[in-house]
Amino acid sequence: MGKIINPFGKPIITVETDFCGRRLSLEVNRVGFRSNASVIARYGDTVVLGTAMLSKEAVDGFDYFPLSIDYEEKFYAAGKISGSRYIKREGRPSDEAILIGRLIDRPIRPLWPKGYRHEVQGIATVLSMDPSFRPDMVAMIAMSAAFMLTGAPFDGPVAGLRVGINEDGKFAAFLDGNQQENGRLDLVVAGTREGVMMVEAGANQVSEEQIAEAISYAHTAMQPAIALQNDLMAKINPEKQEFVLTLPDESIRKTVDDWVEGKLGANLRAPYPERNQMIQSLRDAMHEDLGTKLNGYDEQKQAYDDAFTLAVHKDVREGVIKDKIRPDGRKLTQIRPLSSEVGFLPRAHGSSLFTRGITQAMNIVTLAPLSYAQMIDTMESNTEKRYMHHYNAPGWTVGEVRRLGSPGRREIGHSYLAERALMPVIPSESEFPYAIRSVTEIMSQNGSTSMAATCSSCMALMDAGVPIEAPVSGIAMGLIMDGETSYILSDIADAEDFAGDMDFKVAGTAKGITALQMDMKVHGLSVETLKQALIQAKEGRAYILNHMLQTIPAVKSELSKYAPRVESIQINPDKIREVIGKGGETIQKITSETGTEIDIKDDGTIRIASPDMASIGAAKQWIQSITAEPEVGKIYDNVPVVSVLDFGAFVQILPGKDGLVHVSEMSEERVNKPSDVVKEGDRVTVKLVAIDDRGRLQLSMKAAKRELNDKQAKK
């Protein structure tokens with residue numbers, strides 16, 4: 001094998017360590033010569049390239065940190081070509097790739113200094129994928145290592161682990177797909193050496209205590225990957241980047257702080273939206289007052305506006321720390337006012353409206369045959385998805401003018417979180433043979449719309465008659481840190497989210513957690529504080545769940561009259577070809593004439609769907625007539641005579657199944673000629689009396705008549 005020569009004369013440097021039972025290596029200077037930093041991470045047969053780029057100058061006019069992190073799935077990494085018939089090139093990232101990009105972004109973003117305005121781009125590209133585990137956590141390590149080597153003020157390194165419960169009931173990382181999918185817990189934890197930065201999980205009603213133990217296990221187990229990145233840093237010793245932070249002018253901050261003194265605090269403690277209106281009025285008054293007193297104010301108006309926002313955030317924190325009271329006057333554990341209703345959209349299969357404070361989520365559930373399940377074709381898998389949750393939040397829900405477009409990363413992330421929260425309680429295909437689409441239309445936003453989406457989705461599913469295992473509620477928790485003291489807030493609104501140090505969403509049933517997502521805005525959090533937040537969230541979830549059950553105490557016993565009914569029948573798989581017919585002719589005729597939708601599986605399971613049970617019955621009878629096997633002793637009524645011969649008549653009892661009625665079996669009386677009794681096209685009643693060793697069917701008209709007469713006499 002040839003040797004790569006770095007065009008800049010730099011040696012290829014590799015560091016490696018034992019990490020959760022395999023060798024993890026990080027390598028630089030082999031590829032990506034023009035990037036600010038490129039790191040190849042290898043773990044098993046998985047190879048991920050992490051590349052980082054930074055703009056040389058800070059970007060003017062940005063009031064946010066311009067960081068973007070993307071995760072690229074390459075089908076070749078898994079030895080696959082896309083299953084799409086028309087598009088073979090990788091195109092728009094899949095929802096899964098977007099979610100993993102967000103997963104990598106969330107623990108990395110808070111570790112950059114406030115006011116950093118250089119444009120930063122990170123791309124994690126999967127070049128080779130070991131199918132025995134997911135590559136996303138290797139990608140996170142590669143991306144963190146690349147940012148460390150740029151010389152930028154990134155306060156890493158970060159590492160992540162995906163943890164489950166193995167067959168022995170113990171926590172383990174890098175489980176295979178089957179273990180992860182069928183296990184009770186799928187937990188991702190990301191952190192630094194000091195603490196936890198991000199948590200995301202799907203769980204099958206797991207207790208808060210076990211979740212906390214799993215987080216602790218993951219944080220300990222990820223430390224070798226953090227230490228390895230520090231080793232690489234020590235070997236490379238990258239040149240520090242020069243930068244200037246874009247921070248509010250101290251004189252402007254002091255001017256604003258002096259102006260708002262005595263005007264915040266208790267003066268602004270009011271329920272939303274009244275509080276928001278009061279703050280806006282105060283903001284407008286400040287601009288008007290200072291604008292008349294200060295020269296050149298218009299040129300710096302945005303800086304004064306930003307300073308006002310910081311003063312409001314500081315006031316929110318002080319209210320919690322000093323007075324133990326929140327911006328809208330609530331206690332730390334108090335939930336905003338709740339209201340809800342179900343079944344208010346007459347043609348929907350299920351609908352709900354859930355309101356918490358001024359956050360409001362409408363959910364609509366649609367049921368369809370399983371053939372409407374979504375096909376998933378990604379680098380990692382090629383599967384079907386029968387339960388889908390979609391989330392929409394247009395600009396008007398936050399009082400903004402915003403163009404409509406395709407769902408963004410936030411919408412996809414919120415869709416996934418609410419979907420994951422309900423997934424453990426969705427009935428199996430055999431219990432409920434439907435594809436289920438749940439759509440949350442956000443009507444108003446003021447904090448934690450993903451948890452409102454979870455609650456409204458659960459209620460709409462119950463309204464639709466979907467037999468979920470247990471109802472699910474969700475809550476968003478917040479945190480204000482004052483030194484080592486933590487103040488945990490239940491059911492946070494926007495003001496507390498913007499001013500706080502944590503956004504922690506927890507969903508679950510009365511038995512345990514089904515989904516959670518935690519993001520830190522400070523540099524790491526102890527597991528003990530997270531455990532406290534989980535316990536406090538349990539109380540809030542129970543309160544919200546009690547409200548939901550007052551609105552809809554149980555799953556509706558019947559489906560909407562507009563929802564399709566689905567019936568299943570089982571046929572011999574060898575008969576599938578006969579049901580489909582040449583070129584699909586038979587199945588198309590059945591569906592068009594009965595108005596049904598028919599889905600046929602390879603194992604011979606046939607599902608027939610229609611809102612009209614009579615149509616289902618007709619299609620079912622048609623299919624059974626095609627696939628039925630002759631039964632000795634069974635009477636076949638109103639079946640056609642297909643031919644008349646000198647010694648008897650052939651009668652078709654089933655499609656393609658003809659039997660002989662011998663002249664001696666046509667009547668109790670003597671029959672000289674079969675044509676004296678029947679002619680071709682007549683419809684008769686016969687009994688199958690025998691099948692000979694050559695498969696020939698022996699029918700009798702007189703035996704059928706005799707049996708029917710006996711039954712009539714008994715009545």
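The values are calculated or read from the model by the stated rules, or taken from the named source; none is laboratory data. Owing to the predicted nature of the structure, the values given are computational and were not obtained by experimental measurement. Glycine also receives a Cβ, built like all others from the backbone with ideal geometry; neighbour counts cover every protein chain displayed.
If you go through region 269-276 one residue at a time, do you hit one that is among the aliphatic types (A, V, I, L, M) and either in contact (Cβ under 8 Å) with a residue 12 or more places away in the chain or crowded, with 18+ Cβ neighbours inside 10 Å (or both)?
yes
So the check is Cβ under 6 Å with 6+ separation or different chains; which pairs have a first residue in region 393-411 that's closer than 21 Å to Glu96 by Cβ and a second one that's hydroxyl-bearing (Ser, Thr, Tyr)?
Glu411/Tyr391
Tell me whether region 659-671 contains one or more residues that are farther than 16 Å from Ser700 by Cβ and loosely packed, with under 14 Cβ neighbours inside 10 Å.
Within region 659-671 (the criterion being farther than 16 Å from Ser700 by Cβ and loosely packed, with under 14 Cβ neighbours inside 10 Å), the answer is no, since none of the residues qualifies.
Of the residues Met477, Met459, which is touching a helix residue (DSSP H, G or I) at 6+ places or on another chain (Cβ under 8 Å), at pLDDT 95 or above, assigned to a helix (DSSP H, G or I) and surrounded by 22 or more Cβ atoms within 10 Å (Cβ to Cβ)?
Just one listed residue meets the conditions, Met459.
Inspect region 515-531 for any residue being among the polar types (S, T, N, Q), within 30 Å of Met198 (Cα to Cα), within 25 Å of the chain's Cα centre (by Cα) and not in a helix (DSSP H, G or I) and give the result as yes or no.
yes
Which members of region 376-392 meet the condition of being assigned to a strand (DSSP E or B), touching a Ser or Thr at 6+ places or on another chain (Cβ under 8 Å) and farther than 17 Å from Ser457 by Cα?
Ile376, Asp377
Condition first: of a type outside the set (Gly, Ala, Ser), part of a loop (DSSP other than H, G, I, E, B) and out of contact with any Ser or Thr (no Cβ under 7 Å at 6 or more places or on another chain). Now tell me which residues in region 558-584 satisfy that.
Within region 558-584, Glu558, Leu559, Lys561, Tyr562 meet the criteria.
What is the number of the single condition among (1) assigned to a loop (DSSP other than H, G, I, E, B); (2) modelled with pLDDT of 95 or more; (3) not β-branched (Val, Ile, Thr) that Gly156 does not meet?
Status for Gly156: all satisfied but (2).
Could you say which residue among Arg326, Arg347 is touching a Ser or Thr at 6+ places or on another chain (Cβ under 9 Å) and part of a loop (DSSP other than H, G, I, E, B)? Working first, answer last.
On the way: Arg326 fails: touching a Ser or Thr at 6+ places or on another chain (Cβ under 9 Å).
Within the list Arg326, Arg347, the selection yields Arg347.
Determine the pairs where a residue that is more than 13 Å from Ser406 (Cα to Cα), located within region 88-103, has a partner that is in a loop (DSSP other than H, G, I, E, B) and charged (D, E, K, R) with Cβ atoms under 6 Å apart, the partner being 6 or more residues away or on another chain.
Cβ pairs passing all conditions: Ala97/Glu73.
Do we find that Ser675 is more than 59 Å from the chain's Cα centre (by Cα), assigned to a helix (DSSP H, G or I) and among the small types (Gly, Ala, Ser) in this structure? Give the steps one after another, and end with the answer.
Working: more than 59 Å from the chain's Cα centre (by Cα): yes; assigned to a helix (DSSP H, G or I): yes; among the small types (Gly, Ala, Ser): yes.
Spelling it out, Ser675 is indeed more than 59 Å from the chain's Cα centre (by Cα), assigned to a helix (DSSP H, G or I) and among the small types (Gly, Ala, Ser).
Filter region 288-299 down to the residues that are loosely packed, with under 15 Cβ neighbours inside 10 Å and either hydrophobic (A, V, I, L, M, F, W, C) or in a helix (DSSP H, G or I) (or both) and list them by number.
Glu288, Asp289, Gly291, Thr292, Lys293, Leu294, Asp298, Glu299
What number of residues in region 462-474 are closer than 18 Å to Leu534 by Cα and not in a strand (DSSP E or B)?
Within region 462-474, residues that are closer than 18 Å to Leu534 by Cα and not in a strand (DSSP E or B) number 1.
Go through region 228-253 and report how many residues are exposed (fewer than 15 other Cβ atoms within 10 Å of the Cβ), under 25 Å from Thr17 (Cβ atoms) and hydrophobic (A, V, I, L, M, F, W, C).
Residues meeting the conditions: 1.
Limited to region 682-702, what total is found for residues that are within 15 Å of Glu631 (Cα to Cα), of a type outside the set (Val, Ile, Thr) and not in a loop (DSSP other than H, G, I, E, B)?
Residues of region 682-702 within 15 Å of Glu631 (Cα to Cα): 685-693, 695-700.
Filter once more, keeping what is of a type outside the set (Val, Ile, Thr): 687-688, 690, 692-693, 695-700.
Of the ones still in play, those that are also not in a loop (DSSP other than H, G, I, E, B) are 687-688, 690, 697-700.
Total meeting the criteria: 7.
Taking region 633-655 on its own, how many of its residues are free of Cβ contacts under 8 Å to residues at least 40 places away in the same chain and either in a strand (DSSP E or B) or not assigned by TED's automatic domain parsing to the domain that holds Val689 (or both)?
Counting residues in region 633-655 that are free of Cβ contacts under 8 Å to residues at least 40 places away in the same chain and either in a strand (DSSP E or B) or not assigned by TED's automatic domain parsing to the domain that holds Val689 (or both) gives 8.
Among the residues of region 504-524, is any modelled with pLDDT under 95 and either out of contact with any strand residue (DSSP E or B) (no Cβ under 7 Å at 6 or more places or on another chain) or acidic (Asp, Glu) (or both)?
Looking for residues that are modelled with pLDDT under 95 and either out of contact with any strand residue (DSSP E or B) (no Cβ under 7 Å at 6 or more places or on another chain) or acidic (Asp, Glu) (or both), one finds at least one in region 504-524, hence yes.
Quickly run through region 1-51 and pick out the residues that are of a type in the set (Lys, Arg), farther than 17 Å from Pro238 by Cα and assigned by TED's automatic domain parsing to the domain that holds Pro153.
Correct list: Arg22, Arg23, Arg42.
Please specify each residue of region 421-456 satisfying the condition of being in contact with a Ser or Thr (Cβ under 8 Å, 6 or more places away or on another chain), in a helix (DSSP H, G or I) and either surrounded by fewer than 22 Cβ atoms within 10 Å (Cβ to Cβ) or polar (S, T, N, Q) (or both).
Residues satisfying the conditions are Met423, Val425, Thr449, Thr454, Ser456.
Can we say His547 is outside the structural domain of Gly195 (by TED's automatic domain parsing) and assigned to a helix (DSSP H, G or I)?
Judged against the criteria, His547 is a match.
Go through region 15-40 and count every residue that is part of a strand (DSSP E or B) and not small (Gly, Ala, Ser).
Total meeting the criteria: 13.
Given the criterion closer than 18 Å to Asp637 by Cα and touching a residue at least 24 places away in the same chain (Cβ under 8 Å), identify the matching residue among Asp710, Asp658.
Asp658
Look at region 247-268 and say how many of its residues are assigned to a helix (DSSP H, G or I), farther than 19 Å from Pro327 by Cβ and among the charged types (D, E, K, R). Even if it seems obvious, please write down each step before you answer.
In the first step, residues of region 247-268 are kept if they are assigned to a helix (DSSP H, G or I); the result is 250-260, 265-268.
Applying the additional criterion that residues be farther than 19 Å from Pro327 by Cβ yields 250-255, 258-259.
Then drop every residue that is not among the charged types (D, E, K, R), which leaves 250, 253-254, 258.
Total satisfying the criteria: 4.
Of (1) among the acidic types (Asp, Glu); (2) closer than 26 Å to Ala311 by Cβ; (3) without any contact (Cβ under 8 Å) to a residue 24 or more places away in the chain, Asp249 satisfies all except one. Which?
(3)
Applying the selection to region 183-239, what residues are farther than 17 Å from Ala173 by Cα, under 29 Å from the mean Cα position of the chain (by Cα) and assigned to a helix (DSSP H, G or I)?
Residues satisfying the conditions are Glu208, Glu209.
Answer yes or no as to whether Lys531 is outside the structural domain of Ser490 (by TED's automatic domain parsing) and not small (Gly, Ala, Ser). Even if it seems obvious, please write down each step before you answer.
Working: outside the structural domain of Ser490 (by TED's automatic domain parsing): no; not small (Gly, Ala, Ser): yes.
Considered against the rule, which asks whether it is outside the structural domain of Ser490 (by TED's automatic domain parsing) and not small (Gly, Ala, Ser), Lys531 comes out as no.
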